[in-house]
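Let me begin by presenting the structure, written as structure tokens, before commenting on it.
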Amino acid sequence: MKTRFTTVDIRAVIAEINANYVGMRVYNVYDIDNKTYLIRLQKPDSKAVLLIESGIRIHSTDFEWPKNMMPSGFAMKCRKHLKTRRLTYIKQLGIDRIVDLQFGSDEAAYHLIVELYDRVRELNNILTFAD
């Protein structure tokens, strides 16, 4: 069983997410622990959940994960800025294990940048705003 995503794994997952989930709106953001987050996406005829585990993996999931009773500060910040925004693209930065998810249009886009490196710090996710 894999414990970390390689560059090839990341490329494959990004292709799947681009094919199936781009254009869906963020319904909510949940945290499972201090480095694992769920982004619930939806459009009128379908729903999906992206699991982001900082330093380890990113992929869609159908599993019902247990959520924290009280969301973390980062989850609340993501909710505030990403809720109802569309996932407009996801890309890998070069051949690094860094993934950039863009939510919203180019004029007022938010980027969630996820590092999938070894030796995880407590949080390797960065939320940015492009003005």
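Listing for the model above:
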quantity	calculated
Condition broken by Met69, with the remaining ones in (1) in a strand (DSSP E or B); (2) open to solvent by 40 Å² or more (accessible area, probe 1.4 Å) satisfied	(1)
Condition check for Lys77: open to solvent by 60 Å² or more (accessible area, probe 1.4 Å), of a type outside the set (Val, Ile, Thr) and within 14 Å of Ile14 (Cα to Cα)	no
Filter result for the condition that a residue is modelled with pLDDT of 85 or more and not hydrophobic (A, V, I, L, M, F, W, C), over Thr84, Thr128	Thr84
Filter result for Lys47 (closer than 21 Å to Thr128 by Cβ, assigned to a strand (DSSP E or B) and either open to solvent by 60 Å² or more (accessible area, probe 1.4 Å) or at pLDDT below 90 (or both))	no
Condition met for Leu38 (in contact with a Phe, Trp or Tyr (Cβ under 9 Å, 6 or more places away or on another chain), in contact (Cβ under 8 Å) with a residue 24 or more places away in the chain and open to solvent by less than 30 Å² (accessible area, probe 1.4 Å))	yes
Lone qualifier among Asp106, Asp96, Asp62 - being in a loop (DSSP other than H, G, I, E, B), at pLDDT 85 or above and more than 14 Å from the chain's Cα centre (by Cα)	Asp62
Qualifying positions in the stretch 6-35 - outside any helix (DSSP H, G or I), open to solvent by less than 10 Å² (accessible area, probe 1.4 Å) and within 15 Å of Leu101 (Cα to Cα)	Met24, Val26, Val29
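The values are calculated or read from the model by the stated rules, or taken from the named source; none is laboratory data. Bear in mind the structure is a predicted one, so any value in this text is a computation, not a measurement. No Cβ is skipped: glycine too gets one built from the backbone with ideal geometry, and neighbour counts run over all protein chains shown. Ligands, DNA and RNA are excluded from the accessible area calculation, which covers all protein heavy atoms including side chains. Shrake-Rupley method; radii C 1.70, N 1.55, O 1.52, S 1.80 Å.
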